[in-house]
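The values are calculated or read from the model by the stated rules, or taken from the named source; none is laboratory data. The structure presented is a predicted model; accordingly, all values stated were derived computationally and were not measured. Note that each Cβ is placed from the backbone with ideal geometry, even for glycine, and that neighbours are counted across all protein chains shown.
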Amino acid sequence: MNLMHDMEEALQVITGRVKGDIRASLAFLDKVVADSSESLPPRLLHFLERRSYVKALAFLEEGEEAES
C-alpha cells in the first residue's frame, strides 16, 4: 500500500470526484493525521489538519506548488 495514493483516493471521494464512502474516507484521513503527522510533508499536514481537502488533493496531484 502506498499512503500517498490511498490519501489521494480518500480525498477524491471527499471532494466528490469519485463515488465512495465519505465517512470512511474522513476517518482514514483523521487516522493518517493522528498516526503519521511527523512523516507527512508540512504543507500537506497543514491542509489536512484544517480540513482543506481540495487544497490537500491539489498538493498531492501537483506537488509543492499547490499553495493557494
Top-ranked residue in region 32-42 [being within 11 Å of the chain's Cα centre (by Cα) and not in a loop (DSSP other than H, G, I, E, B); ranked as nearest to residue 8 (Cα to Cα)]: 32
Flag for residue 18 being at pLDDT 95 or above, more than 10 Å from the chain's Cα centre (by Cα), assigned to a helix (DSSP H, G or I) and over 14 Å from residue 59 (Cβ atoms): no
Single residue of region 27-68 satisfying the filter (among the β-branched types (Val, Ile, Thr) and within 16 Å of residue 4 (Cβ to Cβ)) that is surrounded by the fewest Cβ atoms within 10 Å (Cβ to Cβ): 33
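Table: residues versus (1) closer than 18 Å to residue 63 by Cα; (2) in contact with a strand residue (DSSP E or B) (Cβ under 9 Å, 6 or more places away or on another chain); (3) polar (S, T, N, Q).
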| site | (1), (2), (3) |
| --- | --- |
| 11 | yes, no, no |
| 22 | no, no, no |
| 26 | no, no, no |
| 30 | no, no, no |
| 34 | no, no, no |
| 43 | yes, no, no |
| 47 | yes, no, no |
| 52 | yes, no, yes |
Among (1) at positive phi; (2) in contact (Cβ under 8 Å) with a residue 40 or more places away in the chain - the single one residue 61 does not satisfy: (1)
Qualifying residue in region 3-26 (condition: surrounded by 11 or more Cβ atoms within 10 Å (Cβ to Cβ) and in contact with an Asp or Glu (Cβ under 6 Å, 6 or more places away or on another chain)): no
